[in-house]
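A quick write-up on the structure given underneath.
The values are calculated or read from the model by the stated rules, or taken from the named source; none is laboratory data. No experiment lies behind these values; they were computed from the predicted model shown. No Cβ is skipped: glycine too gets one built from the backbone with ideal geometry, and neighbour counts run over all protein chains shown. For the accessible areas, the whole protein counts, side chains as well, though only heavy atoms, and no ligand, DNA or RNA atoms are used. Shrake-Rupley method; radii C 1.70, N 1.55, O 1.52, S 1.80 Å.
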Amino acid sequence: QVQLVESGGGLVQAGGSLRLSCAASGRIFSINAMNWYRQAPGKQRELVAASPSGGSTYYADSVKGRFTISRDNAKNTVYLQMNSLTFEDTAVYYCNADVRTTPWGGLINSWGQGTQVTVSS
């Protein structure tokens, strides 16, 4: 019903920047929160940044001041601008969203397939 497709990952040198995008498509009435998670090898998936509908954004301490989450609600798209990247930012980055498919329906939590970000030291 709902698909999230990430793009923008890749290989970058330490200190560089990347911009991730995640576009939601399918049967969408509205989208509440749109979030970015990441999972490094051997580690649990962690919340990196969150953009609730109408609320304040959230950032993990490890990315504050370096990452910026933003949304284009008209395009059902969320972005993650990542600056001053370090080796520790290497991970698969996942888009996540709470989507309402009908005016009367509940929220469906959806995930993208992930995009690899590799930072070379």
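Being among the charged types (D, E, K, R) and in a strand (DSSP E or B) is the filter; apply it to region 83-104 and report the residue that is nearest to Gly10 (Cα to Cα).
Asp98
Residues in region 6-24: is at least one out of contact with any strand residue (DSSP E or B) (no Cβ under 6 Å at 6 or more places or on another chain), without any contact (Cβ under 8 Å) to a residue 60 or more places away in the chain, in a loop (DSSP other than H, G, I, E, B) and not charged (D, E, K, R)?
no
Here is a check on your reading of the model: is Asp61 buried (at least 20 other Cβ atoms within 10 Å of the Cβ), over 28 Å from Gln1 (Cβ atoms) and of a type in the set (D, E, K, R)?
No, not satisfied.
Pick from Ile31, Ile69, Ile108: which is surrounded by fewer than 18 Cβ atoms within 10 Å (Cβ to Cβ) and part of a strand (DSSP E or B)?
Testing whether each residue is surrounded by fewer than 18 Cβ atoms within 10 Å (Cβ to Cβ) and part of a strand (DSSP E or B) leaves just Ile108.
Could you count how many residues in region 66-80 are farther than 17 Å from Leu47 by Cβ and either among the polar types (S, T, N, Q) or in contact with a helix residue (DSSP H, G or I) (Cβ under 9 Å, 6 or more places away or on another chain) (or both)?
Final tally of qualifying residues: 3.
When you scan region 34-57, how many residues do you find that are within 27 Å of Thr118 (Cβ to Cβ), polar (S, T, N, Q) and either modelled with pLDDT under 95 or not in a loop (DSSP other than H, G, I, E, B) (or both)?
Looking only at that region, the number is 3.
Could you look through region 72-91, keep only residues that are under 23 Å from Asn109 (Cβ atoms) and charged (D, E, K, R), and pick out the one that is least open to solvent (accessible area, probe 1.4 Å)?
Filtering first and then ranking leaves Asp72.
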